[in-house]
Amino acid sequence: MVVAPSGGSTELNVYTRGKKIKSRSFKIGSVRMLEHKDSPVIWRELEKWIKEHVKAEFGKVTAVGTGGNISKLFDLANAAKKESIEQGLVDLVNIRASQINGCAFCLDMHVKEATMHGERALRLHHITIWRESTLFTARERLALEWTETLTTLPPGGVSEALFEKARAVFSEKELSDLTVLVGIINVWNRLNGAFHSEPGSMDAVLGIANSGLS
């Protein structure tokens, strides 16, 4: 189950396996509740209602996210974006991991984000064929290979050969920051994949409703 505040209002939509099953309005001041300083308090009110609703609807609570943990994950993701890896590379990493994991929500979101950041449409189409494509720099190609390897995580982890290639292109801090970024998007992929979050359902909240993609 996921919950999504709708754009421009304080309405809360509750989804289970991609289908909206309930809506309710809350007077919580800001629709961006996860960024609000009082979000843990707000979340407890929402979580109580969710639990009561799910019990009434299904007889048991199958899954309810905890606002504190999600809030911390948002904080970590936002902090990671401010480190040494440039935004264009962050977008490529997020898209490639989401493609591999089959996360529809994350792929939809990050393609829209990349578009708003000025990424070329053809490059977005070429991400799945980056090895054959001539549209990516050596740095981008290494980042995509690093992302694929950490996402699929073969036996033995990253090979010495790949590590040496990556260290020739990225500084120690950059490689560390890149690795954290790959880890974060994989967590989001698994959260949204587990509960079948609906692609595009939080565009207004995430600030990507004006991407020109629909």
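We did not get these values from a lab; they are worked out from the coordinates using the rules stated. Keep in mind the model is a prediction, meaning the values are calculated, not measured. No Cβ is skipped: glycine too gets one built from the backbone with ideal geometry, and neighbour counts run over all protein chains shown.
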Based on the mean of other Cβ atoms within 10 Å per residue, sort peptides 138-151, 158-171 so the most packed one is first. 138-151, 158-171
Taking amide H positions as placed 1.01 Å from N in the peptide plane, with prolines and chain starts having none, which residues 5 or more places from I208, or on another chain, fall under 5 Å of its amide H? none
Simple spin-label estimate for M116/S176, 7 Å along Cα→Cβ, in nm, reads 3.1
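Rank the residues M116, M109 as a footprinting-exposure proxy: fewest other Cβ atoms within 10 Å of their Cβ go first. Walk me through the numbers on the way to the answer.
On the way: M116 15, M109 25.
Fewest-to-most Cβ neighbours within 10 Å comes out as M116, M109.
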Placing +1 on the Cβ of each Lys and Arg and -1 on the Cβ of each Asp and Glu in region 102-166, which of G156, A143, H125 has its Cα farthest towards the positive end of the resulting dipole? H125
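Find how much the distance from H125 to L73 grows on full extension, using 0.36 nm per residue of separation minus their present alpha carbon separation; answer in nm with one decimal.
Details: separation 52, 0.36 × 52 = 18.72 nm, distance 2.87 nm.
Full extension of this stretch gives 15.9 nm more.
Given K81/K112; K82/K165; K81/K173, which pairs have Cα atoms separated by over 20 Å?
On the way: K81/K112 17 Å; K82/K165 24 Å; K81/K173 13 Å.
Checking Cα-Cα distances, K82/K165 exceed 20 Å.
Can you tell me the length gained on complete extension of the stretch A194 to E86, counting 0.36 nm per residue apart and subtracting the Cα distance? Before the final figure, lay out each step's value.
Details: separation 108, 0.36 × 108 = 38.88 nm, distance 2.92 nm.
Result for the pair: 36.0 nm of gain on full extension.
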